[in-house]
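Below is one structure; the comments refer to it alone.
The values are calculated or read from the model by the stated rules, or taken from the named source; none is laboratory data. Keep in mind that this is a model prediction, so the values were computed, not measured. No Cβ is skipped: glycine too gets one built from the backbone with ideal geometry, and neighbour counts run over all protein chains shown.
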């Protein structure tokens, strides 16, 4: 009897232990295991990123139209000045991306200091004086309407675009014009000026190509309108001297002084846009990789336009960077032809030699062929000592650099004179055009990066999102929103700076190394790791639960 009671008590204790272990596993074990093995994912602003995926840029351009004395009658001036008008355009690129822009045109009378400058008979002096007495913000346009008989502008010019932000327009207004006619006549002329000194639809569309890829953009690498380098926080510029025949040519180039005198002032002007580093190298026995053709009529060798694309790859194989950098590299190569292939000319489609004897390739760089006069050279006196004319070389490389960095040439309109930048290297309105494009491009790239990051994190559920990544994402979203607000307000410099912060933070978040730790650790591998650990513990518990269930059913039948 005692033995039966002991056995019954032992069975009861076993069942009780099974139930207790089961309860502990469910109430304590599972939550504890879940908590200790969960992937840490800091919160991200998914809703705001989703809103940025639908990007409609709103760009505002402040435009001041200033009427000099003698351009308006007293009645016209009374009805027209001061006055503000808006003209707006919209361009929808696809279902997620578009832009609209408006010109905020303010009409006012000239001030005393401005009138004194306009009265000058030298338009270049007037441009400098006006930039000193009236400092216009970046992105703005100021157009001075001068009398039709004004001697300030050249006789053949109706429009004069200065190197600062001031332009001059010969007045089309007559005394019989109504206010509506005055505005209409002025606006007809303003459109051409604004398309020159400000951005165009094509420029903004090209800047948004990361969001809206299109085959309609020009891919001709050897035209002045080549695609510029993508916006970057920095660029590495490399000047290379290629001497394939050092036995014949002893070449010396003063690249250091040339950079200081020609390149550095240009880069200083663009220092707000990006950081630049410059280095140089000399490569011996580096050939173009294309055999030039001999032209008997001119006793020279030539490269045709069709052969130019085949020059880049062989030359690039010999190039190297002195500095390990993630920044894009702009290559500028000065090639001294071999003695047996001299002189060497690049010829266009009509067979005429190019004046610059150079070409450039989009988002890569430029090559100039520098011929040496061998008419008076005796082969017994080789190698020939060559002192490179760096002024002549930089006259070719600097325009190429401007194009590659996004300072495109403008289409010169009839009866329009555009002032040369001179010592400024880059005009103020050229800088504004570059900033407009870079700001839009940065916003497009940052929103693309944020959207891709959100999509990546959504698809891979076990990827870790630490606090550093989350803070960078929040900072990027806030910077994009700020840049959009500044664009809408017409404050270009602030918009550009915010866009730089946006692209910096978004790329830091997207390329954070911690995002790669669990990238290839799917759920099936997780189960393969945990099942051998928990299976030995779970089997006895499950069997005991099944036995307890059978006993419970048996008792219910007996009762």
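Structure values in brief
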| read-out | value |
| --- | --- |
| Matching option when the condition is modelled with pLDDT of 75 or more and part of a helix (DSSP H, G or I), among 549, 458 | 458 |
| Helices (runs of 4 or more DSSP H) wholly inside region 12-114 containing at least 2 residues that are modelled with pLDDT of 90 or more and either within 26 Å of residue 494 (Cβ to Cβ) or assigned by TED's automatic domain parsing to the domain that holds residue 178 (or both) | 46-53 |
| Where residue 444 falls short, out of the listed (1) farther than 30 Å from residue 163 by Cα; (2) modelled with pLDDT of 85 or more; (3) part of a helix (DSSP H, G or I) | (1) |
| Residues within region 354-398 that are modelled with pLDDT under 85 and on the phi > 0 side of the Ramachandran plot, tallied | 1 |
| Number of positions in region 350-367 that are touching a helix residue (DSSP H, G or I) at 6+ places or on another chain (Cβ under 6 Å) and not in a strand (DSSP E or B) | 1 |
| Test: residue in region 481-501 that is more than 23 Å from residue 207 (Cα to Cα), surrounded by fewer than 22 Cβ atoms within 10 Å (Cβ to Cβ) and in contact (Cβ under 8 Å) with a residue 12 or more places away in the chain | no |
| Search result, residues across region 122-173 that are within 31 Å of the chain's Cα centre (by Cα), part of a loop (DSSP other than H, G, I, E, B) and more than 16 Å from residue 62 (Cβ to Cβ) | 162, 163 |
| Set 527, 521: member being modelled with pLDDT under 90, outside any helix (DSSP H, G or I) and out of contact with any strand residue (DSSP E or B) (no Cβ under 9 Å at 6 or more places or on another chain) | 521 |
| Condition check for residue 159: touching a helix residue (DSSP H, G or I) at 6+ places or on another chain (Cβ under 9 Å), under 22 Å from residue 104 (Cβ atoms) and at pLDDT below 90 | no |
